Amino acid sequence: MNPILKNILVTVCGLFIGAFANMALVIAGGFVVPPPAGVDLTTPEGLAAGMQFMQPQHFLFPFLAHALGTFVGAWFIARFAASFKMQLALLIGALFFVGGLQMVMELPSPMWFNVLDLGVAYFPMALLGYMLGRKA
């Protein structure tokens, strides 16, 4: 297969795999750590209104979703791309970072979570995914 075409396909697949892992963890998080009583997490408005009632444990699964979604996507790319593995893995980190930055701007989440999420969940996890994926 043409290496450029392979890189494009692997990158798109890595993005989808990472997004799937992200959503699976977000959904699972609602079952493992139930939302505060009366908070509706099914709409953006309900989430924003209920943010003031959230405790630190409610931010565990969103962080894990962002970090592991990025990691899985970057690992997949590092494992299967034909070339430019680090650059493509970091591209996944950048794309997920843009999504995280958008959420930080839209939701009134605590500053400690914003700093942790934006500082650790995206580029460091993309690098870790690259480092572990290239060795597989």
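The values are calculated or read from the model by the stated rules, or taken from the named source; none is laboratory data. The structure presented is a predicted model; accordingly, all values stated were derived computationally and were not measured. FYI the Cβ positions are ideal-geometry reconstructions off the backbone, even for glycines, and counts take in every protein chain you see.
What number of residues within segment 90-136 are among the small types (Gly, Ala, Ser) and in contact with a Gly (Cβ under 6 Å, 6 or more places away or on another chain)? If you could, list the steps in order and put the result at the bottom.
The first filter runs over segment 90-136 and keeps only residues among the small types (Gly, Ala, Ser), leaving 93-94, 99-100, 109, 119, 121, 126, 129, 133, 136.
Still in the running and in contact with a Gly (Cβ under 6 Å, 6 or more places away or on another chain): 126.
Residues that pass the stated criteria total 1.
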Query - Per-region count, segment 1-46, residues closer than 22 Å to PHE71 by Cα and either in contact with a His (Cβ under 8 Å, 6 or more places away or on another chain) or surrounded by 13 or more Cβ atoms within 10 Å (Cβ to Cβ) (or both) - result: 21
Query - Complete set of residues in segment 75-121 that are over 20 Å from MET1 (Cβ atoms) and not hydrophobic (A, V, I, L, M, F, W, C) - result: GLY93, GLY99, GLY100, GLN102, GLU106, PRO108, SER109, PRO110, ASN114, ASP117, GLY119
Requested in this report: With the condition kept exactly as written, say whether any residue in segment 9-27 is among the β-branched types (Val, Ile, Thr), modelled with pLDDT of 90 or more and touching a Gly at 6+ places or on another chain (Cβ under 7 Å).
Outcome: yes
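In segment 69-136, which helices (runs of 4 or more DSSP H) lie fully inside it and hold 2 or more residues that are under 26 Å from MET54 (Cβ atoms), at pLDDT below 95 and of a type in the set (A, V, I, L, M)? Please lay out each step first, then the result.
Numbers: elements: 85-106, 111-120, 123-134.
Passing ranges, in order: 85-106.
Identify the residue in segment 23-45 that is in contact with a Pro (Cβ under 9 Å, 6 or more places away or on another chain) and assigned to a helix (DSSP H, G or I) and, among all such residues, is farthest from ALA89 (Cα to Cα).
GLY29
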